[in-house]
Amino acid sequence: MSANEVVRVEGVSKRFARGAVTALQSIDLSIVEGEFVSLIGPSGCGKSTLLRLIGDLTEPTEGTVTVNGKSARRARVDRDYGIVFQDAVLYDWRTVAKNVALPLELAGWGRAQRAERVREMLRLVELDGFESHHPWELSGGMQQRVSIARALSFSPSILLMDEPFGALDEMTRERLNSELLRIWETTGSTVVFVTHSIAEAVFLSTRVVVMSPRPGRIANVVPIDLAQPRTAATREDPRYFELVTRVREALHIGSDREEPLARAVER
Amino acid sequence: MAAIASERPVLRSARLRGGGGQLALVLAVALALWGLWEGYRWIWVKTGFSWPFPVNDTTLPHVHTIVQALFVSPQVGGPWLLTTLFHNALFTAKEAAAGFALGAIIGFTLGVVLAHSGILERGFLPYIVASQTIPILAIAPMVVVWVNPRLPDPLANWGAVAVIAAYLTFFPVVINTLRGLQSVDPQALELMRSYAASRWTVLWKLRVPAAMPYLFAALKIAATASVVGAIIGELPSAISGGLGGAIINFAQYYSFQPQNLWATNLIAALLGIAFFLVIVFVERLVVHRPPEELV
């Protein structure tokens, strides 16, 4: 294991419904500190399941997940994870500030420390001035920014994001993509990011893990060597288009390997 | 941001207008009901209809007769009926409030326990439901016999009535606490899991706050039920200090002075409404929800 390896997934399989459905088969994946890794693939390829396995929200049927040199469970108990779901999952009865402070509260931070950190985090996601608003008073994009601030508030070593911008419109999504990159550069955290948008995966990531379905497995890994920091200009870079094409081809090859439709239906 | 800035004042003014408008609406409905009462009376008396019952000053006294009765002494030289009933209402309110608190605490605790154990929930819920099918009039005398001899002096007599009120109160609270605690969004639970939160933390930081709207819906039902429970509890326990005693008393004189019983009903209804409004008020302080979700 290299010194700065953060996530190590070894020989992991996951079966649901008493073994009837194989969500993931023989997954090996290593993620080092500071990487931004996207998991991409069609629905049913197990990309969310893989993310949840890393975060110990579910357990593997076979194989091991090691995070920061310890078991995923231990890492969760040590609060190594910040999680962002597709829905912001804010608590309606808490103000924006108190939502961001929730993990700090659970970690036993003092009131003054919490207030200070919340201010800092809201500045980071450009929501200063909205401390005392309630979630329902914010737009979907703003809610998701609160959710990101909450996930980062206790400086977890890994940020797990499960299609965080999937429910947002294209404009908001692109803006939040840039914002997320800025935050990632500021905090230096390791990010595992699930998406089904090729453009988003290529724009954000240092590495794109292409997955294929039934059973879910890693079809290809595409390193993204676009220059940092990435800007609006990156989206017009010829290299960007090349990489988008590579990921798309990898996705199609993954799908072609799929069993013929007739046999799939037979099951 | 611009959208937010323009949305907020609209919400606020809608709320304000809601407050004033609500009061006007309630008054308008009260007037309409008065009109309906007197109109019904007038038509039935005028035409001599006797279905479903003949209408006269005994069966359906004038509204103003009922209200006037409040400002007359039932006994020569005694206080106004309103004064007497006010004291009765305070007495019943004490029983109902104690019963409400007791029932709410028991109901909430039971709800929490059942929410954490599927076996207990499946085992006990049928009996909790069955408890409410027993007519309260049948158990009230038993409760009085059991509870009264054991009560310390300050609770003498009325403590048993509070227990009867609690019996009616706890049921909606158990059911809704249970539902509310189980209503939590699975992702919100996963978030707590990712923070390695204990069961206790999940209960107080997530499940209970999420259950608040359910809990308050139950408390509103329970608040009025506790008043009914207290009044019914007074009947078999021969307690004369409350509205139950007044009802028994005035029922005996109904054919001579029906307005006194009606006036007592009016005060009992106002007491129930007062209890309800207290809960609504507390809910507004405690529960922060999108305005359209507030009752």
Quiz prompt | Number of partner chain Cβ atoms within 10 Å, mean per residue of B:192-203 | solution = 5
Quiz item: When the Karplus curve 6.51 cos²θ - 1.76 cosθ + 1.60 is applied with θ = phi - 60°, which whole-Hz ³J(HN,Hα) does each residue of segment B:222-229 get, with x for Gly and Pro?
Solution: 5, 4, 6, 5, 5, 5, 4, x
Exercise. Between beta-carbons, use under 14 Å as the cut-off and find the net charge around B:Ile221, counting Lys and Arg +1, Asp and Glu -1.
Key: +1
Quiz item: Straight-line reach from A:Lys14: which lysines have Cα under 24 Å away, leaving out those fewer than 8 places along the same chain?
Solution: A:Lys47, A:Lys70
Exercise. Sort A:54-64, A:8-18, B:23-33 for me by packing, meaning the mean count of neighbouring Cβ atoms within 10 Å per residue, highest on top.
Key: A:54-64, A:8-18, B:23-33
Quiz prompt | Sequence ranges A:243-250, A:141-148, ranked by mean other-Cβ count within 10 angstrom, highest first | solution = A:141-148, A:243-250
Quiz prompt | Equivalent ellipsoid, the protein assembly as shown (semi-axes from 5 times Cα gyration tensor eigenvalues, Å) | solution = 64, 27, 22
Quiz item: Once you sort the root eigenvalues of the Cα gyration tensor of chain B as a ≥ b ≥ c, which label holds: rounded (a/c under 1.5), prolate (a/b larger than b/c) or oblate (the other case)?
Solution: oblate
Self-check item: Average beta carbon contacts from partner chains per residue of B:181-190, 10 Å cutoff
Solution: 3
Quiz item: If you average the sequence gap of Cα pairs under 8 Å that are 6 or more apart and divide by the length of chain A, what percent do you get for the contact order?
Solution: 24 percent
Quiz prompt | Distance (nanometres) between label positions extended 7 Å along Cα→Cβ at B:Gln132 and A:Ala112 | solution = 5.1 nm
Practice problem: Enter the Cα centre distance for the pair segment A:7-70 and segment B:208-276, rounded to the nearest angstrom. | Solution: 61 Å
Practice problem: Determine the principal axes of the Cα atoms in segment B:127-170, then give the extent along each, sorted from largest to smallest and rounded to whole angstroms. | Solution: 33, 17, 14
Practice problem: Rank these for me by crowding, B:Asp185, A:Asp87, A:Asp169, B:Asp153, going from fewest to most other beta carbons within 10 Å. | Solution: B:Asp153, A:Asp169, B:Asp185, A:Asp87
Quiz item: Beyond 15 Å, what share of the Cα-Cα pairs of segment B:217-270 remains, rounded to the nearest whole percent?
Solution: 50 percent
Self-check item: Two-site label geometry, A:Arg248 and B:Leu90: point separation in nm, points 7 Å out along Cα→Cβ
Solution: 8.2 nm
Self-check item: Protection proxy ranking of B:43-49, B:167-173, A:100-106 - average other beta-carbon atoms within 10 Å, highest first
Solution: B:167-173, A:100-106, B:43-49
Quiz item: Using a Gaussian network for chain B with springs between C-alpha atoms less than 10 Å apart, which of these wobbles most: B:Arg193, B:Arg150, B:Arg207?
Solution: B:Arg193
Quiz item: Given springs between every Cα pair under 10 Å in a Gaussian network model of chain B, which of B:Ser50, B:Ser226, B:Ser131 has the largest fluctuation?
Solution: B:Ser50
Self-check item: Extension gain (nm, one decimal) between B:Leu23 and B:Ser240, 0.36 nm per residue minus Cα-Cα
Solution: 74.6 nm
Quiz item: Looking only at other chains, what is the average number of their beta-carbon atoms within 10 angstrom of each beta-carbon in A:90-96?
Solution: 5
Quiz item: Taking the Cα centre of chain A as origin and charging only Cβ (+1 Lys, Arg; -1 Asp, Glu), how large is the dipole, in debye to the nearest 20?
Solution: 660 debye
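Read-outs: derived from the displayed coordinates by stated rules, not from any lab. These numbers come from a predicted model, not from an experiment. Neighbour counts run over all protein chains shown; Cβ positions are idealised from the backbone, glycine included.
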